[in-house]
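Take a look at the structure set out below.
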Amino acid sequence: MADLICEASFELDVDARKISVDDPKVTGRQIRAAAGLNPASSYVLILISDAGSQSIGLDREVDLTTLGDAVFRSFKSDRVFSMTLNERGFAWGAPEISEPELREYGQIPDNHELVLDSQGDRVLEPDDTVNLKRKGVERVLSRPAEELEICIIVNARQKTVKVRRLTFEKLIALAFANPPTGENICFTVTYRNGPRNRPEGSLVEGDRVRIKKGMVFNVTSTDKS
């Protein structure tokens, strides 16, 4: 009996979608085609890894076996914009990049803040974006945050918190001095005036949300009995 030959499949992340290819070494053109980015020449493809981010040209070969947890982002554009993040080169396919995107792709922890060097170490807030079209290369650095004091509104009362993210459970504790208990009690948490990438929404048990000054929360309890 002839030996069965099994072809391995290699998976990569493009725009938060899992794409499979048969060869561990693929070109930028092949990645675009596999992700349905046609025509390939109309898209900028950015590889984001621990070493920063870089543009992947159409004919550049990428070895998927060396990437680890790297991801790709695509942009319908014909231009690549550059900056540095913590002294590492950072390429992007749009003229602006948001603070949440910098924090996510730069793997910046919550207890660090991002500062814009070109504006006298101005601290970037969750709603901020960095303009990459300015003359010269923008430099963004992260550093341990000084003690935080962020004012938010919970059930029409002002609260001051010292963290950048709040959990569903912590918001209940902020809303009620003595939260109602019982197996039939359920809580609803909604918010508005949040960061630009998530200005409003709701939380369920186990969720958490990044906060900004002036964010408004409404926490209610319901007895289903």
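We did not get these values from a lab; they are worked out from the coordinates using the rules stated. Keep in mind it's a predicted model, so treat the numbers as computed, not measured.
Quick one, what does Rg over Rh come out to for region 150-223 if you take C-alpha atoms and the Kirkwood Rh?
With Rg and the Kirkwood Rh in hand, the quotient comes to 0.95.
Multiplying the sequence separation of ARG196 and ILE150 by 0.36 nm and subtracting their Cα-Cα distance, what value in nm do you get?
Using 0.36 nm per residue and subtracting the Cα-Cα distance, I get 14.9 nm.
Can you give me the Cα centroid spacing of region 51-77 and region 156-193 in angstrom?
Their Cα centres are 41 Å away from one another.
Please figure out what share of the DSSP beta bridges in the chain is antiparallel and state it in percent, rounded to the nearest 5.
Approximately 90 percent, going by the DSSP bridge assignments.
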